[in-house]
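> Sharing a structure here in structure tokens format.
The values are calculated or read from the model by the stated rules, or taken from the named source; none is laboratory data. Note that the structure is a prediction, hence the values are computed from the model and not measured. Because the Cβ atoms are built from the backbone with ideal geometry, glycine has one as well, and the counts that use them run over all protein chains shown. Note: accessible area is taken over every heavy atom of the protein model, side chains too, but ligands, DNA and RNA are not part of it. Shrake-Rupley method; radii C 1.70, N 1.55, O 1.52, S 1.80 Å.
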Amino acid sequence: MSDLKFSKDHEWVAMEGDVATIGITDHAQQALGDVVFVELPELGRMVKAGEACAVVESVKAASDVYAPISGRVVEVNSALGDNPGTINSDPAGEGWFFKLEATAPAELAELMDDSAYHRFVEENA
Amino acid sequence: MAESTESLFETPLGALHRELGGRMVPFAGYAMPVQYPLGILGEHLHCRAAAGLFDVSHMGQAELVGENAATALEALTPADVAGLKPMRQRYALLTTDAGGIFDDFMVANFGNRLFLVVNASRKHEDFARIEAALPAGVKLNRLPDRALLALQGPGAVAAIAPLAPALAAMKFMDVAEVTIAGVPCFVSRSGYTGEDGYEISVPADAAEAFARTLLALPGVAPVGLGARDSLRLEAGLCLYGNDIDETTSPVEAALVWSIGKRRRMEWNFPGAERVRDELANGTQRLRVGIRPEGRQPARGHTAVHVPGGEAVGEITSGGFGPSLNGPMAMGYVARAQAADNTPLELMVRGKPLAARVAAMPFVANRYAR
């Protein structure tokens, strides 16, 4: 996961060209518990960094997922509809949420790298 | 995300919960395990398939002693307490003078005393209210030095009966004083999951060893508060503070069955006037089960509308039922919308979610009747 970037809201971002794939971290899925439902953003929606744009629901509670960077939603992981548990079993892989065409790629620099994120999680444990 | 659990009370099993990997959260002033490493979903399904062990020591336990204890308690509840046969237990409500619900609780007749189990969040208020109403010769003894464990699930009886064969002969809502693994216990065959099982009151100083004994039985796994909530909601059981409170009446809450027949002729309990009026004329709203279509849950405080129309109520408890394999809720709706199968819309994050009124329990209960 060394080329991923991380937000303080526990999302990860993987950049490929100007398209960012976004999901939630292993730490986040563990804290949430078993995911039973996910609401994904509409294709084409413009989102700003820090904007709530997806919802993940565990047995116990609903939590927002925020856009770590600004962009336009170009793809969503509709396979999560039938298998939301993928978010628990493979959060950094098949459990991705949506893809953004970044409109301000410089925002990526504001995010944490792997080691900074792990420090952040430990400090906030 | 991490909330401080300092300054919270501990049950006698606090150290054991941590040893088992329990994630401790504040609940009713106590540090309680919301889940163990198995997780809410797994713990829920395990309880329905085998047996789950719950620590419910935060709940209030007390005994009421004295010749007229039952009559004294009837001054505060519409339940038939005087008619409760020895070694039987009953679900009951404490009502307010205005006809709301002060708390819900269990009362058992142990022959020489009544044994009460009340909600953790209400125990101080309940006991004060009961004490204030007692006549001379009836005494309330709080039992803070007792822990309470629940062993629930289809495997509960087979797991524990080898330790105390008398447990197998009990029926749903029977109570007994039984020595289990050397520990003198007050046992009821009841629970809060919809499953067969037992609630077992033990001396606090014996609780940890006793819990370890039960956890070592075949098929028994620890279950936290998270699964306790999803299990009780599937079973259609109310949570005080969510589904019932001082503003809801027993009639609105569809808990009229907990009112004794004799009490419905005497009308001598707190709030009887409101209950009598509502039974005669109906209520504005009723507690019902609600099933959202699809898989999206609707949580407590979600507004309930008629499809495309006005608000007719609110969800009081809602979530995802692991055994139901779908979302479920309960809440209050206007009487005109309370019939089973009535279409509704739930306003979740500003968008309407189609739902229907549904019979409860959502998952059939399996009590040992």
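> If we scan the stretch A:82-93, do we find a residue that is more than 14 Å from chain B (Cβ to nearest Cβ) and in a strand (DSSP E or B)?
No, the conditions are met nowhere in the stretch A:82-93.
> Considering every residue within the stretch A:71-80, establish whether at least one is within 30 Å of B:Glu293 (Cα to Cα), of a type in the set (Gly, Ala, Ser) and in contact with a strand residue (DSSP E or B) (Cβ under 7 Å, 6 or more places away or on another chain).
Checking the stretch A:71-80: not a single residue is within 30 Å of B:Glu293 (Cα to Cα), of a type in the set (Gly, Ala, Ser) and in contact with a strand residue (DSSP E or B) (Cβ under 7 Å, 6 or more places away or on another chain).
> I need the full set of residues from the stretch A:61-81 which are within 14 Å of chain B (Cβ to nearest Cβ), open to solvent by 10 Å² or more (accessible area, probe 1.4 Å) and within 13 Å of the chain's Cα centre (by Cα), in order please.
Scanning the stretch A:61-81 gives A:Ser63, A:Asp64.
> Which of (1) assigned to a strand (DSSP E or B); (2) open to solvent by 10 Å² or more (accessible area, probe 1.4 Å) does B:Ile290 not meet, given it meets every other one?
Only one criterion in (1) assigned to a strand (DSSP E or B); (2) open to solvent by 10 Å² or more (accessible area, probe 1.4 Å) is unmet by B:Ile290, namely (2).
> Just the residues that are open to solvent by 30 Å² or more (accessible area, probe 1.4 Å) and more than 28 Å from B:Ala364 (Cβ to Cβ), please, taken from the stretch B:144-164.
Those that are open to solvent by 30 Å² or more (accessible area, probe 1.4 Å) and more than 28 Å from B:Ala364 (Cβ to Cβ): B:Pro144, B:Asp145, B:Arg146, B:Leu163.
> Here's something else I'd like to know. Could you check the stretch B:319-369 and list, in sequence order, the residues that are in contact (Cβ under 8 Å) with a residue 24 or more places away in the chain, polar (S, T, N, Q) and within 12 Å of another protein chain (Cβ to nearest Cβ)?
B:Ser323 - this is the single residue of the stretch B:319-369 that is in contact (Cβ under 8 Å) with a residue 24 or more places away in the chain, polar (S, T, N, Q) and within 12 Å of another protein chain (Cβ to nearest Cβ).
> May I pose another question? Kindly list the number of the only condition in (1) surrounded by fewer than 21 Cβ atoms within 10 Å (Cβ to Cβ); (2) touching a helix residue (DSSP H, G or I) at 6+ places or on another chain (Cβ under 7 Å) that fails for B:Gly197.
Of everything listed in (1) surrounded by fewer than 21 Cβ atoms within 10 Å (Cβ to Cβ); (2) touching a helix residue (DSSP H, G or I) at 6+ places or on another chain (Cβ under 7 Å), B:Gly197 misses just condition (1).
> Can you find a residue that is away from chain A (no Cβ under 14 Å), open to solvent by less than 20 Å² (accessible area, probe 1.4 Å) and closer than 21 Å to B:Asp229 by Cα anywhere in the stretch B:293-315?
No - not one qualifying residue is present in the stretch B:293-315.
> Another one. For the stretch A:1-44, give me the residue count where each residue is of a type outside the set (Phe, Trp, Tyr), within 14 Å of chain B (Cβ to nearest Cβ) and farther than 22 Å from A:Glu123 by Cα.
Looking only at that region, the number is 8.
> Residues that are free of Cβ contacts under 8 Å to residues at least 40 places away in the same chain and open to solvent by 20 Å² or more (accessible area, probe 1.4 Å): find the strands (runs of 3 or more DSSP E) completely inside the stretch A:16-60 holding 1 or more of those.
A:35-39, A:52-58
> Of B:Arg23, B:Arg18, which residue is open to solvent by 50 Å² or more (accessible area, probe 1.4 Å) and within 13 Å of another protein chain (Cβ to nearest Cβ)?
Only one candidate qualifies: B:Arg23.
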